[in-house]
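Take a look at the structure below.
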Amino acid sequence: MRRNLRVAAYAVCFRDGQLLLARSPGPGGVPEWVLPGGGMEHGEDPYDTVRREVTEETGYRIEVTGLLGVHSRRLTGDPRIGRHLDHQALRIIYTGEVTGGELRYETGGSTDFAAWHDLAAVPGLVRVPLVDIGLRLWRERPPHGRLPDRPEEVAP
């Protein structure tokens, strides 16, 4: 089975009650909203990754204002049906504040549009699960930087 690890860094950025999101072509061509951020380059610090990725995807420069947490997700294929993949995504999620730049859209990258969204409108958007994970980390601020994902970890 082929093993793969991807490390990425993302930012939760608010301004005037609005959340900054980027739009990515989703499965089947249906666009979905994502937190601005992305993959870490070899030798790059995650702090630098999130700053670079937010600028690439939105045009804004940010100051990293905090570390919300780390989210890990593992996807495995089933060799019986021809999927020989064991993929782990390690996502580092920061808070960020826009300090400069102008809103623009990425060309030739992983996203094609960026916009501010009212927080109340986010549940109605077609979005990747990481948006909700980032918002939960922002709201709950778990001291250990991890959201419970198994029923036995959820407090009563």
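The values are calculated or read from the model by the stated rules, or taken from the named source; none is laboratory data. Just so you know, these numbers come straight off a predicted model, no measurement behind them. Glycine also receives a Cβ, built like all others from the backbone with ideal geometry; neighbour counts cover every protein chain displayed. In case anyone asks, the SASA skips ligands and DNA or RNA and just uses the protein heavy atoms, side chains included. Shrake-Rupley method; radii C 1.70, N 1.55, O 1.52, S 1.80 Å.
Worth pointing out:
Listed here are the residues, each with its yes/no results for (1) under 24 Å from R61 (Cβ atoms); (2) open to solvent by less than 70 Å² (accessible area, probe 1.4 Å); (3) more than 16 Å from the chain's Cα centre (by Cα); (4) at pLDDT 90 or above.
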{"residue": "A115", "(1), (2), (3), (4)": "yes, yes, no, yes"}
{"residue": "V122", "(1), (2), (3), (4)": "yes, yes, no, yes"}
{"residue": "P129", "(1), (2), (3), (4)": "no, no, no, yes"}
{"residue": "G134", "(1), (2), (3), (4)": "yes, yes, no, yes"}
{"residue": "L137", "(1), (2), (3), (4)": "yes, yes, no, yes"}
{"residue": "E140", "(1), (2), (3), (4)": "no, no, yes, yes"}
{"residue": "R150", "(1), (2), (3), (4)": "no, no, yes, no"}
{"residue": "E153", "(1), (2), (3), (4)": "no, yes, yes, no"}
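- Filtered residue count, the range 91-135, keeping only those that are touching a residue at least 40 places away in the same chain (Cβ under 8 Å) and part of a helix (DSSP H, G or I): 7
- Considering only residues in the range 17-41 that are out of contact with any helix residue (DSSP H, G or I) (no Cβ under 6 Å at 6 or more places or on another chain) and over 19 Å from G124 (Cα atoms), the one that is surrounded by the most Cβ atoms within 10 Å (Cβ to Cβ) turns out to be G39.
- Exactly one residue out of V54, V12 is open to solvent by less than 50 Å² (accessible area, probe 1.4 Å), assigned to a strand (DSSP E or B) and either over 14 Å from S110 (Cα atoms) or in contact (Cβ under 8 Å) with a residue 40 or more places away in the chain (or both), and it is V12.
- The range 15-41, subset of a type in the set (A, V, I, L, M, F, W, C) and touching a residue at least 40 places away in the same chain (Cβ under 8 Å), residue farthest from G100 (Cα to Cα): V30
- For the range 42-51, taking the residues that are open to solvent by less than 80 Å² (accessible area, probe 1.4 Å) and touching a residue at least 24 places away in the same chain (Cβ under 8 Å), the one that is farthest from V98 (Cα to Cα) is identified as P46.
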